[in-house]
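Structure record follows, encoded as structure tokens.
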Amino acid sequence: MSLPEFRLLRPRVLAETMEFLGKYSGNSNGHNSPEVRIVAGGTDLIPSMRQKLFAPQYVVDIRHMDELKSIRPLPDGGVEIGALTALSTIEHSEHLRKHYPVLTEAAATVASPVLRNMGTIGGNICLDTRCLWYNQSLTWRKACGFCIKKDGDLCHVAPGGAKCWAAFSGDTPPALLCLDAEIELASPLGARRIPLGEFYTGEGDNYRKLQPNEILTRVFLPGKSADWRGIYRKLRIRGSIDYPLAGVAVAIHVSNGHIDNGRVALTAVNPAPVLVKGATHALQGKMIDNSLAEFIGELAAKTAKPLTTSALTPEYRREMIRVFTKRALLAAAQN
């Protein structure tokens, strides 16, 4: 479980990072460029390198770029969050807790306090997809014949299929989807800003639309979703440390007792974080009661596509999506 050999690069400013990426990222397409990897907190990348899932020639350590560590209110009522902002900083931000509570709730559930001090919001958004057949040592994976996501052509989760179903397991992205967040991606050629939902492909082995010479630099929360009531519920085997095996984020805006707008998003049960189809329309103009919460829970269960990528059964994880969605909506109504 030792780390492979690599050259460590430590830029201090974004311009220097762009210089390194332009020089070392090569011409590979997709997110699995063999030449270079970005590390910030390192809570996901370093264990994966020890498991020989990645063996980059260069590792670019961007954690010293202070320009990407701020939470800045915007004139339109929104917020700009630097990608290197620690999850613990987001968890304890009074501004975010007041205006975007679903995000602070989600950030507070990530791993443990030590790991939240290390991990960043950008890293949580870019988190690699996970599977029982993938997140193992090289010896274990070799004995099983590898898989589609790494070195093989077989999906052990869906035999006979050509798609990788490794699950996305970040906690903050479903909350960000509920808030209609956008992200900024920077490269030596410039920067582009896209809705967060467009960042993910829905494929477990090529799960994000990030070019080898790009990094995520900023997250933008719009003013129109400020002050929405927010709840995040997470299923995991242990009460700390573990990734979600099913997660539900709910954000609603209530006026005169009725819902003006609302969104429900899921994590850990699909190869990407996803909004629940039909939930916004079903919530519009309604008052949350047990019947409506049950109906939205059924929609969420239909959106979830869990397979045997984790220690718990797909049936249990789908049922808990239904239960957590109902509970989250009822809690949001009481708030």
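Points worth noting:
- Of the residues 197, 125, 241, the one whose Cα sits farthest towards the positive end of the charge dipole of the chain is 241 (charges of +1 on Lys and Arg Cβ, -1 on Asp and Glu Cβ, taken about the Cα centre).
- Taking all protein chains as shown and a probe of 1.4 angstrom, residue 258 keeps an accessible surface of around 70 Å².
- Label-reachable residues, segment 106-147, where backbone N falls under 15 Å from a point 7 Å from residue 6's Cα toward its Cβ: 123, 127-128
- Taking every DSSP helix (H) stretch of at least 4 residues in the chain, weighting each as -39,500 (n - 2.57) and dividing the sum by the residue count yields a mean residue ellipticity at 222 nm of -8500 deg cm²/dmol.
- In a fully extended conformation the segment linking residue 260 and residue 13 would gain 84.7 nm over its present Cα-Cα distance, using 0.36 nm per residue.
- About the Cα centre, charge dipole magnitude for the chain (Lys/Arg +1, Asp/Glu -1 at Cβ), debye: 600
- With the convex hull drawn around the C-alpha atoms of segment 224-335, the volume per residue stands at 104 Å³.
- Taking all protein chains together, 59, 274 sort by accessible area into 274, 59, largest first [probe 1.4 Å].
- Accessible area (Å², 1.4 Å probe, nearest 10) - residue 133: 80
- Taking the 1.4 Å solvent-accessible surface of the chain as the whole, the part contributed by carbon and sulfur is 52%.
- Two-site label geometry, residue 66 and residue 237: point separation in nm, points 7 Å out along Cα→Cβ: 4.2
- A straight chain from residue 46 to residue 154 at 0.36 nm per residue would run longer than the Cα-Cα distance by 36.3 nm.
- Efficiency of FRET from Cβ geometry, residue 163 and residue 194, R₀ 22 Å, rounded to 0.05: 0.40
- Computed with a 1.4 Å probe on the full set of protein chains, the accessible area for residue 209 sits at about 100 Å².
- Here residue 149 is the anchor, and the lysines within straight C-alpha reach of less than 17 Å, apart from those fewer than 8 places off in the same chain, are 52, 163, 209.
The values are calculated or read from the model by the stated rules, or taken from the named source; none is laboratory data. Just so you know, these numbers come straight off a predicted model, no measurement behind them. Neighbour counts run over all protein chains shown; Cβ positions are idealised from the backbone, glycine included. What goes into the accessible areas is simple: the full protein's heavy atoms, side chains included, and nothing from ligands, DNA or RNA. Shrake-Rupley method; radii C 1.70, N 1.55, O 1.52, S 1.80 Å.
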